[in-house]
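Undergrad: My questions will all concern the structure given below.
The values are calculated or read from the model by the stated rules, or taken from the named source; none is laboratory data. Because the structure is predicted, anything quoted here is derived from the model rather than measured. Don't worry about glycine lacking a Cβ; one is built from the backbone with ideal geometry, like all the others, and counts go over all protein chains shown. The accessibility values were calculated without ligands, DNA or RNA, using every heavy atom of the protein model including side chains. Shrake-Rupley method; radii C 1.70, N 1.55, O 1.52, S 1.80 Å.
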Amino acid sequence: MPYAVYDRDAFVTRTGLGPDMKVLNIGPDHITASQVAKSVETAVAAAVPDAGQARGIRSTSNKVAPVVTNYNHQPFKGNCFDIIFSYHAVNYIQPGEVPGLLKEVNRILKENGRFASMVWSLKPTNKAQSSHLMLLGILEKLGMLYLHQFDEISRWLEGSGFEEITMELVSRNIPVPDKWVRTHLKWLERGTDNYSGNKVTVSPDFDKAIEDYKIHVKKHGEELLPSIQFTARRSAVLSGIDIL
């Protein structure tokens, strides 16, 4: 979503960066990684799940170093990053895999290092934001993203050994441009295809959800939902809490 560039910039600024910090960005969002790279002197590592995403990131900045990896098995030594960012990447990871990612994040952060993550809030504040929630709900049914509850994420962070966990509601009233609304509708018109190549069965309820979204967005437009920024600090010893 290039139209949300200022939202990414504010996310990075809120977290804080020093020029000598070693930073990792989780997920294929090259815009966030490039913005982080402007604030540090060394290259920014970017963990992505496939080679195509790595090539795309590599073409956008010579200060971003993409690494293809399973999110649950980060190929970095322990205690090596000052800050790890995740701009909505958690929303594209299945619930059963998030705890493994967070344990890896905890392992590779330096002592007192910080993890910052943005996820969608599920509470729209106007009709246009309700359009976005309707769209995300349809994409979740397609298996393209996951709308985790904020209390789930808090529990996963605690169970992965993080402390000083803070949550900040961020609402910037960012409208979705018409051309992107049309792109969203084309995604839905493709029906059963999703990013992983899996198929889903299109039911009458699914068709109705798509039609309801089309009607709603035509009447009210679309605006990004508010987000919740989680910021957590790595503790020296894992708490041992069961997060499964």
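Undergrad: Can you tell me which residues in segment 41-69 are part of a helix (DSSP H, G or I) and either β-branched (V, I, T) or in contact (Cβ under 8 Å) with a residue 12 or more places away in the chain (or both)?
TA: Residues satisfying the conditions are A51, Q53, A54, G56, I57.
Every residue, every condition in (1) open to solvent by 60 Å² or more (accessible area, probe 1.4 Å); (2) closer than 15 Å to L133 by Cβ; (3) modelled with pLDDT of 95 or more; (4) not hydroxyl-bearing (S, T, Y), yes or no:
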| site | (1), (2), (3), (4) |
| --- | --- |
| G197 | no, no, no, yes |
| T201 | yes, no, no, no |
| K208 | yes, no, no, yes |
| K218 | yes, no, no, yes |
| R234 | no, no, no, yes |
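Undergrad: Inside segment 56-69, can you point out the residues that are surrounded by fewer than 17 Cβ atoms within 10 Å (Cβ to Cβ) and of a type in the set (G, A, S)?
TA: Matches in segment 56-69: G56, S59.
Undergrad: Provide a single number: the residues in segment 155-190 that are over 30 Å from Y213 (Cβ atoms) and of a type in the set (A, V, I, L, M).
TA: Kept after step one, since they are over 30 Å from Y213 (Cβ atoms), are these residues of segment 155-190: 155, 157-166.
Going one step further and asking which of them are of a type in the set (A, V, I, L, M), we end up with 157, 165.
So the answer is 2.
Undergrad: If you go through segment 7-40, how many residues are assigned to a loop (DSSP other than H, G, I, E, B), polar (S, T, N, Q) and open to solvent by less than 10 Å² (accessible area, probe 1.4 Å)?
TA: Within segment 7-40, the subset assigned to a loop (DSSP other than H, G, I, E, B) is 16-22, 27-29, 38-40.
Among the residues that remain, those that are also polar (S, T, N, Q) are: 39.
So of that shortlist, the ones also open to solvent by less than 10 Å² (accessible area, probe 1.4 Å) come out as none.
Going through segment 7-40 one residue at a time, the tally reaches 0.
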